[in-house]
1. Relative contact order of the chain: what whole-number percent is it, with Cα pairs under 8 angstrom and at least 6 residues apart?
2. Taking the highest mean first, how do the peptides 95-105, 240-250 order by number of other beta carbon atoms within 10 angstrom per residue?
3. For the chain, give the share of DSSP beta bridges that are antiparallel, in percent and rounded to the nearest 5; count only bridges with both residues there.
4. Sticking with the crude label model, points 7 Å out along Cα→Cβ, report the distance from Asp42 to Ser191 in nm, one decimal please.
5. Amide H to amide H under 5 Å from Val40: which residues, 5+ apart in sequence or cross-chain, H placed 1.01 Å off N in plane?
6. What angle do you read, to the nearest 10 degrees and between 0 and 90, between the alpha-carbon axis of helix 263-283 and the longest principal axis of the chain?
7. Mind checking which lysines have their C-alpha under 21 Å from Lys68, skipping anything on the same chain fewer than 8 residues away?
8. Let's see if you can work this out: charge +1 on each Lys and Arg Cβ, -1 on each Asp and Glu Cβ, no other charges. What is the dipole magnitude of region 133-198 about its Cα centre, in debye to the nearest 20?
Amino acid sequence: MTAQLIDGNALSRQLRAEVAQRASTLKTQGTTPGLAVILVGDNSASQVYVRNKVKACEDAGFHSVLEKYDASMTEAELLARVEALNNDPSIHGILVQLPLPKHIDDHKVIETISPAKDVDGFHVASAGALMVGEVGFKACTPYGCMKMLESIGMKDLRGKHAVVIGRSNIVGKPMAMMLLAANATVTITHSGTADLAAMTRQADVVVAAVGKRNVLTADMVKPGAVVIDVGMNRNDEGKLCGDVDFGGVKEVAGFITPVPGGVGPMTITMLLVNTMEAAERASVG
Ligand code: GUN
């Protein structure tokens with residue numbers, strides 16, 4: 001059996017076209033969706049990410065602002081910038097790119113972002129809203145994974161068992177909450193889980209979000225299962241690869257997301273969706 005690919009680029013194109021349409025409608029009502037992206041320091045991966053985020057905003061017809069600061073910026077200066085953006089009516093979403101320099105407390109910065117503008121979905125209020133089923137912003141990467149499941153007819157996961165590998169605050173934990181909200185039975189595992197393969201072999205859906213190659217191999221997958229690969233690693237040849245042994249697993253799984261071209265583009269797409277939503281909410285007051 002060879003799994004069908006879930007194409008994150010194609011799905012992103014479709015969703016971004018829908019966002020661009022919504023942006024153009026909102027503009028006729030006098031509001032242009034606006035995203036502010038803050039980058040502190042010169043982390044080279046972060047520079048690429050923020051450039052891609054700003055470019056995606058421009059392509060969707062959004063107003064976007066990229067603020068770049070030297071790594072010597074103080075925490076107080078950064079908090080003051082976030083507060084200024086909280087009060088800027090032309091900005092509907094604020095994203096502070098992580099990681100931040102060590103002398104700045106990430107948590108304090110995220111908690112300073114107004115929950116109404118927390119388009120990354122990292123604020124405690126956003127995480128709490130997801131937990132209790134209230135309106136808030138969903139973290140972009142797991143939200144993108146849910147859209148990928150929806151694209152293959154798996155919006156409602158009642159009766160399905162989903163296993164998440166990884167428990168980060170920005171992927172694993174919100175992913176598990178979103179799967180639960182979609183009525184799946186959910187198991188959250190991590191690198192310390194005993195006999196991980198015994199868990200994943202029972203899963204109808206496996207989401208691998210560890211940040212390590214070959215976390216999921218063919219022998220760990222139930223035939224026909226859906227495999228979502230959130231990993232972004234480099235193989236021995238320096239090529240981008242995920243957490244899943246793609247070559248082996250695609251012979252067993254029913255559906256699989258590739259790396260690159262899978263979850264990656266969906267993260268930025270969902271950032272656009274969240275920013276669009278923030279602008280629409282702000283425009284209705
Ligand atoms: N660093 C890596 N991924 C992300 C993300 O989704 N948002 C932010 N703000 N920083 C990141």
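1. Normalised by residue count, the contact order of the chain is 23 percent.
2. 240-250, 95-105
3. The antiparallel fraction comes to roughly 5 percent.
4. Placing both labels 7 Å beyond Cα along the Cβ direction yields 3.0 nm.
5. HN-HN under 5 Å from Val40: Tyr69, Gln97.
6. 40
7. Lys53, Lys55, Lys102, Lys108, Lys117
8. So the magnitude is around 80 debye.
Each value in this text was obtained by applying a stated rule to the coordinates, not by laboratory testing. What you are looking at is a predicted structure, and each value in this text was computed from that prediction instead of being measured. Glycine gets a Cβ as well: all are built from the backbone with ideal geometry, and neighbour counts include every protein chain shown.
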